[in-house]
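First the structure, in the form of structure tokens, and then the observations on it.
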Amino acid sequence: MKRSTASAPHLSPKHESESDVKKVKLEPTPPSQAPTGREIIQNYLKGDVTAAVLYRKICNALETFEQWESETPKIQLLEQFLNAADAMDARTDLLVKRLLSIRWDKIPSSVFDRFRTFLCEVAIRHLAFTEDVYFAVIQRLIPQVSVNEETGVVTFILTEEQQNEHYEMAHYIVSSVLRCFPLSAKTVLKCVKRAMPHIVEPPVTVAGYMRNLILMQKYIPSSIAKEVWEVVFERLARDDAHNWRCEQNEEENKSPRLFALNDDILIEEVIESTNNSEDAEQRKGEQTLQYLDSVCTDIISFIRESEGENEVENVDEKWLKSFKITGDNVQAPEKLFGTFMAVLESTMLNATHVQYISFIWLYFGSLKTEYEQTILEQLWQITIRMPRAPADARRSQGAAAYLAAFLARAKYVKKDTAFTWLEELFNWLRRYVDQFGSGSSQILPGLQRHGTFYSISQTFFLVFAFRYKEFVKDQDTVETLRRWGFGRIIHSPLEPLKFVSKPVARCFSAITRSLQLVYCNHVIPTEEVQRPFDDMFPFDGFHLRVSAQFMTPLMRKFSPLAEDLSTLTKALCWNSAAAAQDKSEKTDSSEGLDFLDEDEIVTGFRERTFSCGQSSLNIYSATPGLKSFNV
């Protein structure tokens, strides 16, 4: 039987090649495609080796992102991840941190809004990245500047328009995340503290950051509003005190400051002494003054807007008016005032040698009578509060100093109000003497345990010296003062005049002797005595140019009676000369001092000067209400 070959046909070589070609055409190989950013992240999280290599290459590429000249690769790289926020987690922290570190001015404008949305999503979706996003964004609230190391000149890197766009974007991100994630408010506060520019940074960076922190008050929750203000004033108080020490070093050889204040001359001295200087250190001092002036003006503008006050010429308030982001709990004016009073107690009362920042509360108290009363009452309650720790004692003494400053310096505090508080001060001192300093031979004056007594004593002496001219116009008031019996306090075993500021003591002694209330000049020591309390004199002098238009109209100058001019001149100038020279140095008291009101001075009186010796009694804690004179 012949075998059939139909089931196994024989193929020629030609037929075989045709079959192979047909197979290739029927089963083509698919082309390879680059993985997307989302796929890289997902595979990386699954442990894929190839994806891990790509992930590392992308992170390394982001390190040089700012150096790329073309925008096309930047856009292509960013677009891979701007829609993948939900795919990330804590294991992609390197990628997220590299994206957060990109300078915003290097991001192409076509993806800028999407990048902003990406940051919001990352902060809201992933708790592990919330603080990182907050910190990176809040750092963008600091102006970008460059400093010439040789000359110290500071220049801005971005234009004003670009910088404002970055500010707006940063505020938008912070407010959006806070709205969706309210429990992250404390994280915002933590980042605000961390992002504060270092003290060696140019003052202009701090001024810009402070302005943005003020704007944050429009949308941050009330739970951290007070703490953010404390961050602002703690830094301002530190810089203000540092500037004060620098001014003291520069004025070592200047003439003494006495009980007087001429704001125009003080401002003129500061501006002229800094504008012509080429020294880098003095330029830094000028920049610090400008920064303090700018921040004081910004805070006052914010307060004025809260109170509904009209705009003021020569003050830039566009930054405040053009800001449109608001939160759900914007503080009412009364609530803002309460916040400032809390900050005054927690921050400012313990801050000695603060020269300018304290004037903000002087301005706040002038807006409403209720504010004035609240300030005086709260300061008094803090003053007489029983201290439980050394910090509480210092706070009480600081409150007494601020109370003295308001009653003595603030023009809006009326005579009757000042006299009522003066009587309250005297009654407290009398009760203290009766309890601790009367009828006991074992009393040791000058102890720190009596620090509050001495600080209140200085408050009484200072307020009386500044306001006595108004009191003596009413004969009944003079009789009331005589009935008080000043000697009961002055000549008590606690000896208050020995341990207060010498100019205050001598001025009070000269005035009370002139009014025949008490003779106490012999009680004042000739040598300097260590004080048992930290005395300070807020509202003493104001050198800032722009914010001066708000402050100087509220300040009262020291103005004694004309017949007391010669007596006070001798007492105060002898005191300043004795600080460094022979106490027997004689002066011509016919040459007047510049501490009378305009209506009490003959023409040309302000051009005359008085020589008190070359020594300088310009230590701030020892010379309240003072002004420098030419020798």
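The values are calculated or read from the model by the stated rules, or taken from the named source; none is laboratory data. Since the structure is predicted, the reported quantities are computational estimates derived from the model, not experimental observations. A quick note on method: Cβ atoms are made from the backbone with ideal geometry, for glycine too, and the neighbour counts reach across all protein chains shown. For accessibility, only protein heavy atoms count, side chains too; no ligands or nucleic acids. Shrake-Rupley method; radii C 1.70, N 1.55, O 1.52, S 1.80 Å.
A 1.4 Å probe run over the protein chains yields, for the stretch 397-576, 38 Å² of accessible area per residue, whole-number rounding. Spacing of the modelled spin labels on Asp316 and Val200, each 7 Å from Cα toward Cβ, amounts to 2.8 nm. In this structure, the pairs whose alpha-carbon distance is over 25 Å, taken from Lys284/Lys502; Lys473/Lys557; Lys97/Lys186; Lys193/Lys226, are Lys284/Lys502. Solvent-accessible area of Thr452, all protein chains in place: 30 Å² (probe radius 1.4 Å, heavy atoms, ligands and nucleic acids excluded).
Among the trypsin sites (Lys or Arg not before Pro) in the stretch 57-162, those placed in a DSSP loop whose Cβ has at most 15 other Cβ atoms within 10 Å are Arg103.
Any idea of Ser396's accessible area? Nearest 10 Å², probe 1.4 Å. Around 0 Å² of this residue is reachable by solvent. Applied to the stretch 546-556, the Karplus parametrisation 6.51 cos²θ - 1.76 cosθ + 1.60 on θ = phi - 60° returns per-residue 3J(HN,Hα) values of 6, 6, 4, 5, 8, 8, 4, x, 9, 9, 9 Hz, with x for Gly and Pro. Residues whose amide H lies under 5 Å from that of Met555, counting only those 5 or more places away or on a different chain, are Lys411; hydrogens are built 1.01 Å from N in the peptide plane. Put a plus charge on the Cβ of each Lys and Arg, a minus charge on the Cβ of each Asp and Glu, and nothing anywhere else: the dipole of the stretch 397-576 about its Cα centre is then about 260 debye.
Quote the relative contact order of the stretch 397-576 in percent (integer), defining contacts as alpha-carbon pairs under 8 Å separated by 6+ residues.
In percent, rounded to a whole number, it is 33.
Using a 1.4 Å probe on the protein chains only, how many percent of the accessible area of the stretch 425-582 belongs to carbon and sulfur? Carbon plus sulfur share of accessible area: 46 percent.
Sequence-ordered 3J(HN,Hα) estimates for the stretch 408-416 from the Karplus curve with 6.51, -1.76 and 1.60 and θ = phi - 60° stand at 8, 9, 6, 5, 7, 7, 6, 4, 4 Hz, glycine and proline given as x.
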